[in-house]
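The values are calculated or read from the model by the stated rules, or taken from the named source; none is laboratory data. The structure presented is a predicted model; accordingly, all values stated were derived computationally and were not measured. Virtual Cβ from ideal backbone geometry, glycine too; neighbours counted across all protein chains shown. For the accessible areas, the whole protein counts, side chains as well, though only heavy atoms, and no ligand, DNA or RNA atoms are used. Shrake-Rupley method; radii C 1.70, N 1.55, O 1.52, S 1.80 Å.
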Amino acid sequence: MKKKIGVLVMSYGTPKSLDDVEAYYTHIRRGSAPSPEQLKELKDRYEAIVGGVFPLRENTDRQVEKMQEELNKSGVEDAEFVCYQGLKHAAPFIEDGVRQMAADGITEAIGIVLAPHYSTMSIGSYVKRAQATADEAGVKIAFIESYHLHPKLIEAFANRVVAKLDEFEDAGADRGSVKVLFSAHSLPERILAMGDPYRDQLLETSEAVAEKAGVDNWQFTWQSAGRTSEPWLGPDVLDTMKELSQQDVRYMLVSPLGFVSDHLEVLYDLDIEAQQVAEELDVRVMRIDSLNTEPLYMQTLADCVVTEWKKGALVHG
Ligand code: FEC
């Protein structure tokens, strides 16, 4: 008989409605409520994005569903994988997902985050919360902490870069003249002093995607820095665009490798804010399509889980 293994699929989470934005923002700020101005500014950003007010919720639901289908196809003889969602800043929270597994009689689990790169401030905090609840609930859990060089993930991003370079070419641009800007969510600069692998992993993904897509003309830049007083990693994508336009670069392809879904940081920060700057600078900027339920990405996730299981990190067999 196959043993049921819980798969805790963790993601950032998004509010359920505009009324929930305050609680969500307060959770992100570790319990400190935003000022009325900050709250209004965030609500305005949600209202401005195309594709529904909170597309991340549906995207995460669909990713988890497709990942479950992929795991069902994996043909592992001794395990049946059952996915549970655990969100960082919205319900069902990470703790809810772990407790649900325990309530369903699951005693062994594997955790993975819908974000490929490890930082103590991102994946590290998902893992810490999941581990603490798993310990309380008596669930033995192992984690996949990053998968930023998985060949199928690299292929999926590279295919998207190539598709947009083709579009540039069809529109009359020389593809070699398009600057590919790989980007990811900024974090406070202090992570570097902590020896955090986040930046190096992002550069490794960028190099691997550039190589696979046959791109030489690229650079890495940050985006979506938080609105706090401490310094965040830069340069920011908007500054990079300004700098490049001064060097007469007319075509840019933003490729957010640190994100796997359409959500606020892509649909607002890149599709609205960066496009406004592009217009002011009179440059043409495109963005690669997000992975969402891209089969190669679903296969990446399933493969990571199955490989972790086969490694025998959990007590089984
Ligand atoms: O569509 C949505 O509803 C959610 C979009 C969303 C994603 C996301 C991913 C990451 N974040 C990361 C780090 C930080 C740090 C802070 C921070 C703040 C915010 C705020 C919003 C927000 N983040 Fe986010 N992030 C998303 C949304 N993020 C909204 C609050 C307003 C603002 O600053 O814009 C600062 C916290 C603090 O104040 O102390 C740090 C990282 C990721 C990528 C990895 C992951 O997905 O976990 C890292 C999606």
Boolean, Glu204 is assigned by TED's automatic domain parsing to the domain that holds Asp166 and more than 16 Å from the ligand (Cβ to nearest atom): yes
- line: Among the residues of segment 109-125, the number that are more than 9 Å from the ligand (Cβ to nearest atom) and farther than 13 Å from Phe259 by Cα is 6
Filtered residue count, segment 211-237, keeping only those that are within 14 Å of the ligand (Cβ to nearest atom), over 13 Å from Glu189 (Cα atoms) and out of contact with any Leu (no Cβ under 9 Å at 6 or more places or on another chain): 1
task: Hey, could you check segment 68-94 for residues that are in contact with a strand residue (DSSP E or B) (Cβ under 8 Å, 6 or more places away or on another chain) and within 16 Å of the ligand (Cβ to nearest atom) and say which is farthest from Ile5 (Cα to Cα)?
output: Lys88
field: Criterion (assigned by TED's automatic domain parsing to the domain that holds Leu8, small (Gly, Ala, Ser) and either farther than 23 Å from Pro295 by Cβ or within 16 Å of the ligand (Cβ to nearest atom) (or both)) met by exactly one of Ala193, Ala134, Ala171
entry: Ala134
message: Please verify whether Asp96 is surrounded by fewer than 17 Cβ atoms within 10 Å (Cβ to Cβ) and either touching a Pro at 6+ places or on another chain (Cβ under 8 Å) or under 13 Å from Ala134 (Cα atoms) (or both), treating the condition exactly as stated.
response: yes
statement: Residues of segment 1-21 being without any contact (Cβ under 8 Å) to a residue 60 or more places away in the chain and either under 30 Å from Glu145 (Cα atoms) or not assigned by TED's automatic domain parsing to the domain that holds Glu65 (or both), in sequence order, are Met1, Val21
query: For Trp309, all conditions in the list (1) under 19 Å from Trp222 (Cα atoms); (2) more than 14 Å from the ligand (Cβ to nearest atom) hold save one; what is the number of the exception?
result: (1)
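A quick yes/no check of all residues on (1) touching a helix residue (DSSP H, G or I) at 6+ places or on another chain (Cβ under 7 Å); (2) open to solvent by less than 10 Å² (accessible area, probe 1.4 Å); (3) in contact (Cβ under 8 Å) with a residue 60 or more places away in the chain:
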| site | (1), (2), (3) |
| --- | --- |
| Leu153 | yes, yes, yes |
| Ala158 | yes, yes, no |
| Val162 | yes, no, no |
| Asp174 | no, no, no |
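Conditions (1) over 15 Å from the mean Cα position of the chain (by Cα); (2) open to solvent by 40 Å² or more (accessible area, probe 1.4 Å); (3) small (Gly, Ala, Ser), marked per residue:
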| position | (1), (2), (3) |
| --- | --- |
| Val237 | yes, no, no |
| Leu253 | yes, no, no |
| Asp262 | no, no, no |
| Arg284 | yes, yes, no |
| Leu291 | no, no, no |
| Trp309 | yes, no, no |
task: Name, by its number, the condition in (1) closer than 18 Å to Asp262 by Cα; (2) within 12 Å of the ligand (Cβ to nearest atom); (3) out of contact with any Lys or Arg (no Cβ under 8 Å at 6 or more places or on another chain) that does not hold for Arg30.
output: (1)
